[in-house]
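Asks: One structure, as structure tokens, below. Some questions next.
The values are calculated or read from the model by the stated rules, or taken from the named source; none is laboratory data. Since the structure is predicted, the reported quantities are computational estimates derived from the model, not experimental observations. Note that we place each Cβ from the backbone using ideal geometry, even for glycine, and neighbour counts take in every protein chain shown. Remember, those area values only see protein heavy atoms, side chains included, never the ligands or the DNA or RNA. Shrake-Rupley method; radii C 1.70, N 1.55, O 1.52, S 1.80 Å.
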Amino acid sequence: MNVITDLLDFLDSSPLNFHAVATCACRLEKAGFVRLDPSDRWEIAPAGKYYVTANDSAIFAFVAGDGGPASPFHIIAAHSDSPGLRLKPCCEMPSAGGALRLNVEVYGGPILYTWFDRPLSIAGRVITRCANPLRPAHRLVRFSKPLLTIPHLAIHFNRGVNEGNPLSKQRDMIPVVALSEQNPEGFVRRAVANELDIDQNEIIDYDLSLYDTTPAQTIGADNGMVTSGRLDDLSMVHAALTAMLRTCDTSCHATRVMAIFDNEETGSGTKQGAGSPVLEFILRRISSALGANEEDYMRSVAESFMISADNAHGFHPNYPEKYDPTNHPVLGGGPCIKINANCKYMTDADSAAVFASICADAGVPCQYFVNHSDVAGGSTLGNILTGRIPLRGVDMGAPVWAMHSIRETASAADHAYTVDAFTHFFRL
Ligand code: ZN
């Protein structure tokens, strides 16, 4: 399968953070990676392949280095979550005529307009009863059939809609799931129980969100564009995973790490987010299982390098005024190194030079992204991580259009370039 077909398959298998992690885990296990439990004592062999998850929504895979207890870490970090709409508890909202709507809360910063008038469905995690109340069971659920839509108001009721129309998250973004539902109370719980083929009384709680059922696809006269939900940041997750799987059977002095965090879109402040010590703990545990003492661990960190991979804003031909006059990466021009004078990104000249050299050696073009000085940009994982571990590293990403739309657009060529650059990095 070529890398773009594989990307489309990965995106369609991953409607939410939980499913992205499950898709990664499944592919890693097929390649012989062994699942570690955070509460077990870890036994790690040099050149061994392992992975561990956090909250079912973050995943960390690594191939242990054979460079001794002070083996450096070569890390690619990305995030599993994307902005969207999440079901609230007790979400059923009956309305006139029996139409049933479901109450939702906005997660992160989606472009709300793009969620209207689409075939949407529901996916997420369901928590079911177990003998030990401290350890309920977790199951993933995904309705593949389109179940809902958020109908836009007709233009005849708002003639000025195309001149700008502020939206209320609580009024305008409520999806309709049925035109006539006689028994609205407990509708979602019954539907989930039915889908999972379990008794509804087993369900204690859930993390369920909406997703667009339209599949990812390539478009354009030369099929050069990829259109999909969640390219930010699942395209970078896919690139990191592909590089890991391509290199995992060759030995290396460095420990190669793929670190996929959750909750980047809300500031990384959770236990499975980049602001927590989750990666630091994993790196320390790997080191200690390889026989390292504290001094060895500090030496490992000093020799390590991290690529923090999160999509960048590609130059949009309709809005040239939004971009920096000399550093505006184009779709198809290769992965971008992200730079910010006020250190919103971890990149400095040293780490930019490392990534530019990796790209050059891999035969891949690369570009620079800097914000237009009058436009505030976003932030990402790199600097949040360096607040926990003083790693050298670079913030980069493939350029996309319409970041945080329900469908973003990227370049197929850039994705192949990114995979090649990451694969080269994991071979160093
Ligand atoms: Zn992102």
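Asks: Nearest 10 degrees, 0 to 90: what angle lies between the long axis of helix 187-196 and the longest principal axis of the chain (Cα atoms)?
Replies: 50
Asks: Continuing with this model, one more query. Per residue, what accessible area does region 117-251 have, given a 1.4 Å probe and all protein chains present, in Å²?
Replies: 54
Asks: In whole angstrom, note down how far apart the Cα centers of region 56-110 and region 309-383 are.
Replies: 25
Asks: Oh, and also: Calculate for the chain the 222 nm mean residue ellipticity that helices alone would give, adding -39,500 (n - 2.57) per DSSP H run of length 4 or more and normalising by residue count, nearest 500 deg cm²/dmol.
Replies: So the calculated ellipticity at 222 nm is -8000 deg cm²/dmol.
Asks: What nm distance separates the two modelled labels at residue 302 and residue 158, each placed 7 Å from Cα along Cα→Cβ?
Replies: Simple spin-label model gives 6.0 nm for this pair.
Asks: Right, here's the next one. Roughly how many debye, to the nearest 20, is the charge dipole of the chain about its Cα centre, given +1 on each Lys and Arg Cβ, -1 on each Asp and Glu Cβ, and no other charges?
Replies: 580
Asks: Compute the Cα gyration tensor for region 233-292, then decide on rounded, prolate or oblate, letting a ≥ b ≥ c be the square roots of its eigenvalues: rounded whenever a/c is under 1.5, prolate when a/b is larger than b/c in the other cases, and oblate in all that remain.
Replies: Oblate, because a/c is 1.5 or more while a/b does not exceed b/c.
Asks: Rank by packing, highest mean first: peptides 387-399, 75-87, with packing defined as the count of other Cβ atoms within 10 Å averaged across residues.
Replies: 75-87, 387-399
Asks: Give me the distance in nm between label points sitting 7 Å out from Cα along the Cα-to-Cβ direction at residue 200 and residue 388, one decimal.
Replies: 3.9
Asks: For region 92-226, what does the relative contact order come out to in percent, with C-alpha contacts under 8 Å and a separation of six or more?
Replies: 36
Asks: Could you work out the local net charge near residue 215, counting Lys and Arg as +1, Asp and Glu as -1, over the other residues with Cβ closer than 13 Å to its Cβ?
Replies: 0
Asks: Something else: Can you give the relative contact order of region 62-130 as a percent, counting alpha carbon pairs under 8 Å and 6+ residues apart?
Replies: 24
Asks: Which cysteines does the chain leave without a neighbouring Cys Cβ under 4.7 Å?
Replies: 24, 26, 90, 91, 130, 248, 252, 336, 343
Asks: Please work out whether region 333-428 counts as rounded, prolate or oblate from its C-alpha gyration tensor, where a ≥ b ≥ c are the square roots of the eigenvalues and a/c under 1.5 means rounded, while otherwise a/b larger than b/c means prolate and anything else oblate?
Replies: oblate
Asks: In the calculated pair distance distribution of the chain, what percentage of Cα-Cα distances lie above 35 Å?
Replies: 31
Asks: Okay, moving on. Counting DSSP beta bridges in the chain, what percent are antiparallel, to the nearest 5?
Replies: Roughly 70 percent of the beta bridges in the chain run antiparallel, per DSSP.
Asks: Here's something else I'd like to know. Ignoring ligands, DNA and RNA, please state the percent of accessible area on the chain from carbon and sulfur, probe 1.4 Å.
Replies: Whole-percent figure for carbon plus sulfur exposure: 52.
Asks: Around residue 77, which amide H atoms from residues at least 5 apart in sequence, or from another chain, sit under 5 Å from its own amide H, with H modelled in the peptide plane?
Replies: Amide H neighbours of residue 77, under 5 Å, 5+ apart: 259, 307, 308, 309.
Asks: Which is farthest toward the positive dipole end of the chain among 79, 131, 61, measuring Cα position about the Cα centre, with Cβ charges +1 (Lys, Arg) and -1 (Asp, Glu)?
Replies: Looking along the dipole axis, the top candidate is 131.
Asks: Report the extension gain between residue 249 and residue 288 in nm, rounded to one decimal, defined as 0.36 nm multiplied by the number of residues separating them, less their alpha carbon distance.
Replies: The residue 249-residue 288 span can extend by a further 11.8 nm.
Asks: Compare the Cα positions of 235, 411, 213 along the charge dipole of the chain (+1 at Cβ of Lys, Arg; -1 at Cβ of Asp, Glu; about the Cα centre) and return the one farthest towards the positive end.
Replies: It is 213, whose Cα lies furthest towards the positive end.
Asks: Given a 1.4 Å probe and the protein chains all in place, what does the accessible area of residue 271 round to, in Å² to the nearest 10?
Replies: For residue 271, the solvent-accessible surface is approximately 140 Å².
Asks: Right, something else. So, R0 is 51 Å and r is the distance between the beta-carbons of residue 342 and residue 1; what FRET efficiency does that work out to, to 0.05?
Replies: 0.75
Asks: How high is the relative contact order of the chain, in percent, with contacts defined as C-alpha pairs under 8 Å that are six or more residues apart?
Replies: 23
Asks: So for each of 412-421, 365-374, 226-235 I average, over its residues, the number of other beta carbons within 10 Å; can you give me the resulting order with the highest mean first?
Replies: 226-235, 412-421, 365-374
Asks: Quote the Stokes-Einstein diffusion coefficient, in whole µm² s⁻¹, for region 84-212, based on the Kirkwood radius over alpha carbon pairs, a temperature of 4 °C and a viscosity of 1.567 mPa s.
Replies: Answer, rounded: 81 µm²/s.
Asks: So how tilted is helix 231-247 from the main axis of the chain? Cα-based, degrees 0 to 90, rounded to 10.
Replies: So the inclination is approximately 40 degrees.
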